[in-house]
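Input: a single structure, listed below in structure tokens.
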Amino acid sequence: MSGFETPVARARGLGSAKRGYRHWWAQRVTAVALVPLVLWLGFGLALHGAADFETARAWVSGPVTAVLWIVALVVAFYHAALGLQVVIEDYVGGDGMKVAAILLAQAFCVLLAVGGIVAVLRIALGG
Amino acid sequence: MQTKNNRPLSPHLTIYRPQITSVLSISHRISGVLLALAAVLLVWWLSALAVGPDYFATVQVALGSGLGRIVLFFMTLAVFYHLCNGIRHLVWDTVHGFELEAIRRGGQIVVAAAVALTVVVWLIAYLGRG
């Protein structure tokens, strides 16, 4: 079966970096995307973050705003999961503890991202 | 597995005088981790906005309290520091700006930009409320 693979297909992912390149690249792609997103969100929250219920809801439920909120949540928590993983890999010793900590950090990011997205959808769709 | 032995260790972080390079480097990590944790507040605010006016009012009072404002202020600073220093990292990824002078200068620009953006955002927040 493996006879159909080219040598490079068999070697790919077996180096010391393992899947490190993809991780590194994803961290950069999300970082670039977050530059405009975070600026938009920062200034948006400065303008609308302290508003009353109706005003804040009107802002978040705007057609463009709702989409940008969801995109920002996805990209930010993806970036956070990647970054937390790097920090954990550097400071947490022992393979078991390391894997457990990374999975915990990823679960934290997924839960917050989904929680935020559901909230935006409820606001935007009037649920 | 024997891990403890008497072999000499090279001097660790505490032996070195803090420099702008090392301080800004660890600040990038610390701000990143803090922001991931503080994102709980952001999702809390959003969820309250989805739940209803009464709960939203409670959350606004908590976030608008003295402690709430202090936390949000430092989170703003962390956001903009991480953002500006992140751009510095992206520049480094293109193999530019590694000369000692450029590294020092870049660090100063990043700190100044982060402080300026934080001040502007908080001015907007306060002026916007009248």
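The values are calculated or read from the model by the stated rules, or taken from the named source; none is laboratory data. Remember, it's a predicted structure, so these values are computed and weren't measured experimentally. Glycine gets a Cβ as well: all are built from the backbone with ideal geometry, and neighbour counts include every protein chain shown.
Within the range B:1-51, which residues are over 30 Å from B:His89 (Cβ atoms) and at pLDDT 95 or above?
Initially, the range B:1-51 is screened for residues over 30 Å from B:His89 (Cβ atoms), giving B:1-8, B:47-51.
Passing the criteria: B:Ser47, B:Ala48, B:Leu49, B:Ala50, B:Val51.
When you go through (1) under 19 Å from the mean Cα position of the chain (by Cα); (2) closer than 18 Å to B:His28 by Cβ one by one for B:Trp122, which number turns out not to apply?
Failing condition for B:Trp122: (2).
Quick check: is even one residue across the range A:47-56 crowded, with 17+ Cβ neighbours inside 10 Å and under 20 Å from B:Arg29 (Cβ atoms)?
no
Read through the list (1) at pLDDT 95 or above; (2) farther than 19 Å from B:Ile26 by Cα, then give the number of the only condition that B:Leu77 fails.
Only one criterion is unmet by B:Leu77, namely (2).
Quick one: B:Ser47 ticks every box in (1) farther than 23 Å from A:Leu73 by Cα; (2) over 20 Å from the mean Cα position of the chain (by Cα) bar one, so which box is it?
Of (1) farther than 23 Å from A:Leu73 by Cα; (2) over 20 Å from the mean Cα position of the chain (by Cα), only one is false for B:Ser47: (1).
Quick check on my filter: what residues within the range B:26-74 are more than 8 Å from chain A (Cβ to nearest Cβ), surrounded by 14 or more Cβ atoms within 10 Å (Cβ to Cβ) and among the polar types (S, T, N, Q)?
Those that are more than 8 Å from chain A (Cβ to nearest Cβ), surrounded by 14 or more Cβ atoms within 10 Å (Cβ to Cβ) and among the polar types (S, T, N, Q): B:Ser27, B:Ser31.
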